[in-house]
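This report concerns only the one structure given below.
The values are calculated or read from the model by the stated rules, or taken from the named source; none is laboratory data. From a predicted model like this one, the values you see are computed outputs, not experimental measurements. Ideal geometry is used to build each Cβ from the backbone, glycine not excepted, and the neighbour counts take in all protein chains shown. Calculation scope for accessible area: heavy atoms of the full protein, side chains included, ligands and nucleic acids excluded. Shrake-Rupley method; radii C 1.70, N 1.55, O 1.52, S 1.80 Å.
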Amino acid sequence: MTEEPGASAAPPQSEAMTAAEAALARAAGVARVEPGEYVVAEIDAMMMHDIFAADVLEMLERTGIERLHDASRVTVVFDHMVPAPSVAAAEHQAKARRLLRRYEIDAFFEIGRGICHQVMVEEGRVRSGELVVGTDSHTTTYGAVGAAGCGIGSSEMAYALATGKLWFKVPETVLVVLEGRLASMVTAKDLVLYLMREGGSAEAQYRSVEHGGAGTDSLSLSERMTIANMGVEMGAKFSLFPADGAPTMRSGARYVATHTVDLGALSPQVAVPHHVENVVDVGEVAGLRLDQVFLGSCTNGRLEDLRAAAAILRGQKIAPWVRMIVTPASSRVYQQAAAEGILADLSAAGAIVEGPGCGPCFGGHLGLLAAGERCLGTHNRNFRGRMGSPEGEIYLGSPATAAASALAGEIADPRELVVRTEAEEVAP
Amino acid sequence: MTGTPGEGTRFRGRAWLFGPDISTDMLSPGQYVHDPPEVRLRHVLEPARPEFASQVRPGDIVVAAANFGCGSSRESAPQHLKDLGVAVVVADSLARIFARNAIALGLPALSCPGVSTAVRDQEIVEVDVEAGEVVVGDGRTVLSADRIPEPMLDVLRLGGIEPMLAALAAQRR
Ligand code: SF4
């Protein structure tokens with residue numbers, strides 16, 4: 001590869017390729033690629049977090065790899081087990097810090113900076129058209145800025161760090177055409193849950209999902225991140241939005257399937273245990289009593305999400321039997337939310353605000369469930385055992401649904417709450 | 001393919017049958033991530049089949065329905081199966097990252113549509129990894145699996161990525 005990594009100079013035929021094909025062709029240094037083909041591609045950016053960084057770098061040390069192919073492409077973020085909840089985690093992180101110095105990785109973000117995917121985007125470590133890998137399945141999030149991002153395991157990451165390259169199967173692409181605009185209290189999370197419900201993992205497995213159509217223009221970066229983030233729950237390799245200024249659909253590109261979604265027709269959706277594809281209208285589960293509500297994660301821990309929840313909870317009290325945990329996605333989100341009074345409002349409503357990071361999302365610490373307990377969270381996975389006891393139940397919904405549910409003490413439709421509040425407001 | 005290049009690619013072993021959507025959270029629960037290996041191995045697949053971790057024997061074969069290994073990118077999921085002695089994983093379909101991780105560790109993993117309905121729990125199954133063939137019930141049924149693509153077979157033949165990196169390091173020296 002002679003091109004500077006990240007340069008968005010695309011080969012001339014890129015119009016006729018899907019965004020995934022274009023990214024892989026550029027990274028492989030060829031004019032075009034075909035779905036099903038295997039290519040060896042140069043990787044533009046690599047990301048690791050505290051759970052795997054030490055394992056990856058230890059493998060390099062063990063096998064005698066002396067230096068990285070290009071340490072400047074590597075970013076490490078400590079976000080999962082932060083601050084260290086056990087001596088074992090502390091030792092693991094200390095080992096990683098030593099190895100980061102040993103391998104001269106300078107782009108290291110310590111505990112408290114935020115969730116890896118949020119930090120990568122905030123810090124501009126991923127750019128449109130790039131091919132990005134991370135030791136985390138939600139690396140698909142970078143599709144929000146037009147980067148082809150996918151998760152890989154520790155061994156493959158070790159290989160990528162040592163050689164700068166990795167083999168990829170060129171995926172087929174499914175096109176999702178978005179039309180219209182989301183209604184009030186209906187969010188990007190509801191859209192992506194709806195897509196899970198309609199297509200689910202059968203449709204997108206091993207494929208790339210691309211979003212186009214006029215409706216994409218109405219979606220903010222934060223909303224795009226929510227959607228691209230959960231692409232992996234559909235089994236997708238990449239979940240891509242058009243880069244700024246690019247056409248929302250590529251003429252001549254081949255899509256194996258096309259789905260059109262009217263954003264305005266969507267309603268709040270909830271994923272019910274124990275799989276993300278088990279999605280229903282919120283009304284079907286409304287009234288189920290909750291023990292815990294979680295607002296956070298790389299799916300829905302951004303400023304817009306906290307604002308949406310605070311708008312519902314400001315001046316109110318959550319149900320006394322509910323524990324509400326809030327985890328801002330990054331230090332920037334945290335600081336801005338503090339400046340806007342959002343953190344104080346959420347705290348006054350009865351929530352506990354934790355530091356920036358993954359929080360209880362993956363069941364590591366900071367709010368696990370006991371057997372028989374029920375949680376509604378804004379995160380991305382409700383697999384059995386994901387948040388503690390295998391006998392716990394996890395429901396997934398939007399920040400608005402989470403806030404409305406915390407208030408009610410049971411799963412609630414945020415649209416009904418709005419009606420009530422407005423009615424109260426107009427009353428004398 | 002137990003790390004020795006060129007070693008047999010055929011396995012014969014007892015099948016452990018699992019349903020669809022076995023996730024990495026079941027294979028390697030997040031809450032034990034920093035526990036010692038022996039503790040972590042005790043909880044492998046616990047939510048799906050609590051007896052599995054204590055009763056699985058080296059050479060056994062994991063057979064599952066669709067979307068096996070869905071969820072996170074944690075390599076501990078296939079690593080735990082390997083550490084428990086599982087010889088090969090065959091599922092109606094495999095989640096993408098899991099399949100790549102398994103092969104990166106030298107654990108053969110095959111997609112074989114229909115395998116979960118053809119195989120009975122605890123029966124003896126034969127798997128030919130390179131040929132992409134699964135033989136059930138003493139030849140009663142022969143199923144064809146999706147062939148593992150050549151670049152991945154190369155990784156398997158070399159015993160996984162770690163030996164490949166060791167070879168690379170030796171070359172660079
Ligand atoms: S917030 Fe949850 S899904 Fe996102 S990176 Fe952290 S653990 Fe993974």
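For residues in segment B:158-171 being among the hydrophobic types (A, V, I, L, M, F, W, C) and at the interface with chain A (Cβ under 9 Å from one of its Cβ atoms), which is surrounded by the fewest Cβ atoms within 10 Å (Cβ to Cβ)?
So the first thing to find is which residues in segment B:158-171 are among the hydrophobic types (A, V, I, L, M, F, W, C), and the list is B:158, B:161, B:164-170.
Cutting the leftovers down to at the interface with chain A (Cβ under 9 Å from one of its Cβ atoms) gives us B:161, B:164-170.
Numbers: B:ILE161: 25, B:MET164: 20, B:LEU165: 22, B:ALA166: 17, B:ALA167: 13, B:LEU168: 17, B:ALA169: 16, B:ALA170: 10.
Per the stated criteria, the residue is B:ALA170.
Quick check on my filter: what residues within segment A:64-82 are within 10 Å of chain B (Cβ to nearest Cβ) and crowded, with 20+ Cβ neighbours inside 10 Å? So that I can check it myself, show each step before the final result.
Let us first name the residues in segment A:64-82 that are within 10 Å of chain B (Cβ to nearest Cβ), namely A:64-67, A:80-81.
Hits for segment A:64-82 are A:ILE65, A:HIS80, A:MET81.
Is it the case that segment A:183-203 has a residue that's within 16 Å of the ligand (Cβ to nearest atom), of a type in the set (D, E, K, R), within 24 Å of A:GLY301 (Cα to Cα) and in contact with a strand residue (DSSP E or B) (Cβ under 6 Å, 6 or more places away or on another chain)?
The first filter runs over segment A:183-203 and keeps only residues within 16 Å of the ligand (Cβ to nearest atom), leaving A:188-189, A:192-193, A:196.
Narrowing the set further to residues that are of a type in the set (D, E, K, R) leaves A:189.
Now narrow it down to the ones that are within 24 Å of A:GLY301 (Cα to Cα): A:189.
Of the ones still in play, those that are also in contact with a strand residue (DSSP E or B) (Cβ under 6 Å, 6 or more places away or on another chain) are none.
Checked segment A:183-203: no residue is within 16 Å of the ligand (Cβ to nearest atom), of a type in the set (D, E, K, R), within 24 Å of A:GLY301 (Cα to Cα) and in contact with a strand residue (DSSP E or B) (Cβ under 6 Å, 6 or more places away or on another chain).
What's the number of the only condition in (1) touching a helix residue (DSSP H, G or I) at 6+ places or on another chain (Cβ under 9 Å); (2) more than 23 Å from A:ASN300 (Cβ to Cβ); (3) in contact (Cβ under 8 Å) with a residue 60 or more places away in the chain that A:VAL270 fails to meet?
With respect to (1) touching a helix residue (DSSP H, G or I) at 6+ places or on another chain (Cβ under 9 Å); (2) more than 23 Å from A:ASN300 (Cβ to Cβ); (3) in contact (Cβ under 8 Å) with a residue 60 or more places away in the chain, A:VAL270 is out only on (2).
Filter segment A:225-248 down to the residues that are within 16 Å of the ligand (Cβ to nearest atom) and closer than 19 Å to A:GLY199 by Cα and list them by number. Show your work before the answer.
First, pick out the residues of segment A:225-248 that are within 16 Å of the ligand (Cβ to nearest atom): A:225-236, A:239.
Correct list: A:THR226, A:ILE227, A:ALA228, A:ASN229, A:MET230, A:GLY231, A:VAL232, A:GLU233, A:MET234, A:GLY235, A:ALA236, A:SER239.
Quick one: in segment B:14-34, which of the residues that are within 13 Å of the chain's Cα centre (by Cα) and more than 10 Å from chain A (Cβ to nearest Cβ) is surrounded by the most Cβ atoms within 10 Å (Cβ to Cβ)? Spell out the reasoning first.
From segment B:14-34, those within 13 Å of the chain's Cα centre (by Cα) are B:15-18, B:22, B:24, B:27; that's our starting set.
So of that shortlist, the ones also more than 10 Å from chain A (Cβ to nearest Cβ) come out as B:15-18, B:27.
On the way: B:ALA15: 23, B:TRP16: 24, B:LEU17: 19, B:PHE18: 21, B:LEU27: 26.
Looking at the filtered set, the residue picked out is B:LEU27.
Would you say A:HIS211 is within 17 Å of the chain's Cα centre (by Cα), over 22 Å from A:ALA309 (Cβ atoms) and either in the same structural domain as A:THR401 (by TED's automatic domain parsing) or buried (at least 24 other Cβ atoms within 10 Å of the Cβ) (or both)? Give the steps one after another, and end with the answer.
On the way: within 17 Å of the chain's Cα centre (by Cα): yes; over 22 Å from A:ALA309 (Cβ atoms): yes; either in the same structural domain as A:THR401 (by TED's automatic domain parsing) or buried (at least 24 other Cβ atoms within 10 Å of the Cβ) (or both): yes.
The answer is yes for A:HIS211.
Within segment A:353-369, does at least one residue satisfy the condition of being more than 14 Å from chain B (Cβ to nearest Cβ), modelled with pLDDT of 95 or more and not in a loop (DSSP other than H, G, I, E, B)?
yes
Give the residues of segment A:197-206 that are in a loop (DSSP other than H, G, I, E, B) and open to solvent by 60 Å² or more (accessible area, probe 1.4 Å), sorted by residue number. Can you show your working first?
Filtering segment A:197-206 for residues in a loop (DSSP other than H, G, I, E, B) gives A:199, A:205-206.
Correct list: A:TYR206 only.
When the residues of segment A:368-394 are narrowed to those that are in contact with a helix residue (DSSP H, G or I) (Cβ under 8 Å, 6 or more places away or on another chain) and open to solvent by 20 Å² or more (accessible area, probe 1.4 Å), which ends up nearest to the ligand (Cβ to nearest atom)?
Initial filter on segment A:368-394 (in contact with a helix residue (DSSP H, G or I) (Cβ under 8 Å, 6 or more places away or on another chain)): A:368, A:376-381, A:383-388.
Now narrow it down to the ones that are open to solvent by 20 Å² or more (accessible area, probe 1.4 Å): A:368, A:384.
Values: A:LEU368: 13, A:ARG384: 16 Å.
Among those that are in contact with a helix residue (DSSP H, G or I) (Cβ under 8 Å, 6 or more places away or on another chain) and open to solvent by 20 Å² or more (accessible area, probe 1.4 Å), it is A:LEU368.
For segment B:30-72, enumerate the residues that are within 16 Å of the ligand (Cβ to nearest atom) and among the aromatic types (Phe, Trp, Tyr).
Initially, segment B:30-72 is screened for residues within 16 Å of the ligand (Cβ to nearest atom), giving B:30-34, B:70-72.
Selection gives B:TYR32 alone.
The conditions are (1) more than 12 Å from chain B (Cβ to nearest Cβ); (2) more than 16 Å from the ligand (Cβ to nearest atom); (3) under 27 Å from A:ALA84 (Cβ atoms), and A:SER330 fails exactly one of them. Which is it?
(2)
Taking interchain pairs and intrachain pairs at least six residues apart, which have beta carbon atoms under 6 angstrom, with the first residue in segment A:224-251 and assigned by TED's automatic domain parsing to the domain that holds A:HIS211 and the second polar (S, T, N, Q) and away from the ligand (no atom under 16 Å from the Cβ)?
A:MET234/A:SER201; A:GLY235/A:SER201; A:GLY235/A:GLN205; A:LYS237/A:SER208; A:PHE238/A:SER208; A:PRO242/A:THR248; A:ALA243/A:SER128; A:THR248/A:THR216
Would you confirm, using the coordinates I've provided, whether A:ALA319 is closer than 25 Å to A:LEU417 by Cα and modelled with pLDDT of 95 or more?
Numbers: closer than 25 Å to A:LEU417 by Cα: yes; modelled with pLDDT of 95 or more: yes.
In short, yes.
Any residue at all in segment A:316-332 that is in contact (Cβ under 8 Å) with a residue 24 or more places away in the chain and part of a helix (DSSP H, G or I)?
So far as segment A:316-332 goes, yes, one or more of its residues are in contact (Cβ under 8 Å) with a residue 24 or more places away in the chain and part of a helix (DSSP H, G or I).
Filtering segment B:139-157 down to residues that are more than 10 Å from chain A (Cβ to nearest Cβ) and over 16 Å from B:VAL88 (Cα atoms), which residue is nearest to the chain's Cα centre (by Cα)? Step through it out loud before you land on a result.
Filtering segment B:139-157 for residues more than 10 Å from chain A (Cβ to nearest Cβ) gives B:139-148, B:153, B:156-157.
Now drop any that are not over 16 Å from B:VAL88 (Cα atoms), which leaves B:139-142.
Numbers: B:GLY139: 22, B:ARG140: 23, B:THR141: 21, B:VAL142: 20 Å.
Among them, the one singled out is B:VAL142.
Residues of segment A:99-138 being more than 16 Å from the ligand (Cβ to nearest atom) and among the polar types (S, T, N, Q), which ones?
Of everything in segment A:99-138, just one residue is more than 16 Å from the ligand (Cβ to nearest atom) and among the polar types (S, T, N, Q), namely A:SER128.
Those residues that are under 16 Å from A:ASP79 (Cα atoms) and part of a loop (DSSP other than H, G, I, E, B), I need them from segment A:98-124; list them, please. Break it down stepwise before answering.
Our first condition is that a residue be under 16 Å from A:ASP79 (Cα atoms); within segment A:98-124, this holds for A:100, A:107-123.
Of everything in segment A:98-124, those that are under 16 Å from A:ASP79 (Cα atoms) and part of a loop (DSSP other than H, G, I, E, B) turn out to be A:ALA107, A:GLU110, A:ILE111, A:GLY112, A:ARG113, A:ILE115, A:GLU123.
Identify, by number, the condition in (1) surrounded by 18 or more Cβ atoms within 10 Å (Cβ to Cβ); (2) facing another protein chain (nearest Cβ under 9 Å) that A:PRO85 doesn't meet.
(1)
Each row is one residue, and each column tells you yes or no for (1) in contact with a Gly (Cβ under 8 Å, 6 or more places away or on another chain); (2) assigned by TED's automatic domain parsing to the domain that holds A:PHE383.
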site: A:VAL256; (1), (2): no, no
site: A:HIS275; (1), (2): no, yes
site: A:VAL279; (1), (2): no, yes
site: A:VAL282; (1), (2): yes, yes
site: A:ALA286; (1), (2): no, yes
site: A:PHE294; (1), (2): yes, yes
site: A:ALA308; (1), (2): no, yes
site: A:ALA311; (1), (2): no, yes
site: A:ARG314; (1), (2): no, yes
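Could you list, in sequence order, all residues of segment A:138-174 that are surrounded by fewer than 24 Cβ atoms within 10 Å (Cβ to Cβ), assigned to a strand (DSSP E or B) and within 9 Å of chain B (Cβ to nearest Cβ)?
A:TRP167, A:LYS169
Assess whether B:VAL56 counts as being surrounded by 18 or more Cβ atoms within 10 Å (Cβ to Cβ) and under 21 Å from B:PRO113 (Cβ atoms). Give the steps one after another, and end with the answer.
On the way: surrounded by 18 or more Cβ atoms within 10 Å (Cβ to Cβ): yes; under 21 Å from B:PRO113 (Cβ atoms): no.
Here the answer is no, as B:VAL56 does not meet what is asked.
Just to be sure before I move on: is B:GLY69 within 8 Å of another protein chain (Cβ to nearest Cβ) and either out of contact with any strand residue (DSSP E or B) (no Cβ under 9 Å at 6 or more places or on another chain) or crowded, with 20+ Cβ neighbours inside 10 Å (or both) in the structure I sent?
Numbers: within 8 Å of another protein chain (Cβ to nearest Cβ): no; either out of contact with any strand residue (DSSP E or B) (no Cβ under 9 Å at 6 or more places or on another chain) or crowded, with 20+ Cβ neighbours inside 10 Å (or both): yes.
The answer is no for B:GLY69.
Can you tell me which of (1) without any contact (Cβ under 8 Å) to a residue 60 or more places away in the chain; (2) within 16 Å of the ligand (Cβ to nearest atom); (3) part of a loop (DSSP other than H, G, I, E, B) is the one A:GLN93 doesn't meet?
Every condition holds for A:GLN93 apart from (3).
Would you tally the residues in segment A:399-417 being closer than 20 Å to A:THR327 by Cα, open to solvent by 10 Å² or more (accessible area, probe 1.4 Å) and not hydrophobic (A, V, I, L, M, F, W, C)?
Residues meeting the conditions: 0.
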